[in-house]
Structures are given as structure tokens and as C-alpha cells.
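Quick note: the coordinates plus some simple rules give every number you see, no bench work behind them. Computed from a predicted structure; not experimentally measured. Neighbour counts are summed over all protein chains in view; Cβ atoms, including those assigned to glycine, are modelled from backbone coordinates with ideal geometry.
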């Protein structure tokens, strides 16, 4: 039980974060792992292609009060979600079934971290619900403007960046000098990662009825926004170094940042849907590990 179960769920539900979370020092490592799983639960409700928009909205709103109650209070809902899964993905289905366990682990965290997770997960769930409410009854969602896109990215990823920043501050008084600049860039870091994911997954998302690329904005404007966001992300990583963050914490952020920048380049070169090879991912991981003196994240070169 404990962290090993969290790691098992991460392996089944994540790619990038399952690689990078082990870089983090404790207790941040466990806190970020549990945070990822909580966000993955609400992401699964938002992405629930097998559910109606009303059922997605209800699941998101039902989940929020569970963050403040005893873990056992989630058992009935977890059984309900497992009985009629929101989408076809073994890892996500297992995670929903194990919601009481994840909430139990949330209860075990130091109080400051628990408060940060609860507040930010609830905000994100509320933001996701506002976009689910815009989904047509047949499951179709189309964003119109860059403003719509940025609001969506903030709800699903910018808030994550803000949450991580607050977790990074805990127990690290030396980082207070760079805290204002980190907070200023936190949402942009998350937005940049989400924009890369949207460009990468544009075709399968559209096939499922969700078009996040705004119809009233040229694609070049989305790429320009992503480039600016990832420049802010790189500055964020530099600020962590200046603030004296541990090498593992810097590596966690540097790996995610460089991976997104490399993916954005290949999307520009090869078009929407392009993805990095596992060999390229492994090379980026090895380069960052060598630079920061940490263990190289284990990238599987074969499926």
C-alpha cells in the first residue's frame, strides 16, 4: 500500500508524469503523485465520451464535496462510475474504482499540502464543468476564440501550474525570493503544456466531437501563444535553480518543459498530430539528468 500503490496508478494513467514524478524529493513527490491522480479523475469525467454532457457535469460537481469529506463517503459513487465507465481505458477505469483509496491518501498528507490540493482540484473541476455545460447534447464542443481557448487551458492546466507552484514553495524558505516570479509564470507553464496536447491530439479530439482549436483564430496564433508560454516555462525552470530548488525538483520541471518545446517544434515541422519518438524522449531525459546530476527517467523504447 502507500506510495507504491500511487506509483502503480500513475504508471497506468500517465506517460510523462509517471516518468518525471519519481525525480521529485519527498514529501513533494507523494503530494504531486496524489495531485496528478485527483486531476486525472476529473479529467476523465470531462473527457467522458460514453456519458452525456449532463452526466459529466453531475460527476464533476459530485466530486468536489468528496475532497472535504471522509474517503469512505466516495464508495457509492466510485461503484456507480465503475459500473458504467465514462470511457474505454483500463487504467482510468481502475482509477475511478479506486477513488476512495486516492482520497484516503489525500487525507494522509501534511495539512498545508492537503489544503492546496483540495482548493485547486475544486477550482479546476468547476472550470471543467463550465465547458461541459457548453457541450451540445450529442457531445459536440467547439471553441470559438483565442479567449475561449485560454479560458479552457486555464481551467484544465493553468490551475495545475498554480497548484504545483504552491506545493514547491512548501518547506523551502529559500525559494521565497523567487516566489512572485514563479507565481507570475505558473499558469502560462500549464497553458503551454495544454496547447501542445491540443495540437498533438487535434484529430482524435475532433473525431470525438471536441474541437479546441478556435474557429475564429488562425493556427499560427495558437502556435505563437504556445511558444510564448513555453518561453515562460523555461524562465520558470531557471527561477527554480536561482531559488536553490533541489536538482530533482528542477529536473521534473525541466524535463516537462523541454519535452513540450521539442513536441511543439515537431508539430510545426510535420503538422498536427505529430509526436516525438520514444528515442527522442529518452535523449531529452538523459540530457537533463546529466546536466542536473539526477537519475535518468526510465523511458521504455518499445511499446
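Observations on the model:
- Estimated inter-spin distance, residue 54 and residue 265, nm [label 7 Å along Cα→Cβ]: 5.0 nm
- With R₀ fixed at 45 Å, the C-beta to C-beta distance from residue 26 to residue 211 puts the FRET efficiency at about 0.65.
- Per residue of the chain, the DSSP helices (runs of n ≥ 4 H) give a summed -39500 (n - 2.57) that works out to -22000 deg cm²/dmol at 222 nm.
- Using C-alpha pairs below 8 Å separated by at least 6 residues, the relative contact order for the chain is 19 percent.
- Estimated Rh, region 65-111: Kirkwood, alpha-carbon pairs, angstrom: 11.1 Å
- Gyration tensor (alpha-carbon) shape descriptor, region 140-303, a/c threshold 1.5: oblate
- Here the residues 4, 74, ranked from fewest to most Cβ neighbours within 10 Å of their Cβ, fall in the order 4, 74.
- Cα extents of the chain along the three principal axes, largest first (Å): 48, 46, 40
- For the peptides 153-159, 229-235, the ranking by packing is 153-159, 229-235, with the highest mean count of neighbouring Cβ atoms within 10 Å listed first.
- Sorting 121, 49 by the number of Cβ atoms found within 10 Å of their own Cβ, with the fewest placed first, yields 49, 121.
- Look at 238, 269 and count the other Cβ atoms within 10 Å of each Cβ; fewest to most, that gives 269, 238.
- At full extension, residue 75 and residue 94 could sit 5.5 nm farther apart than now, given 0.36 nm per residue minus the alpha carbon distance.
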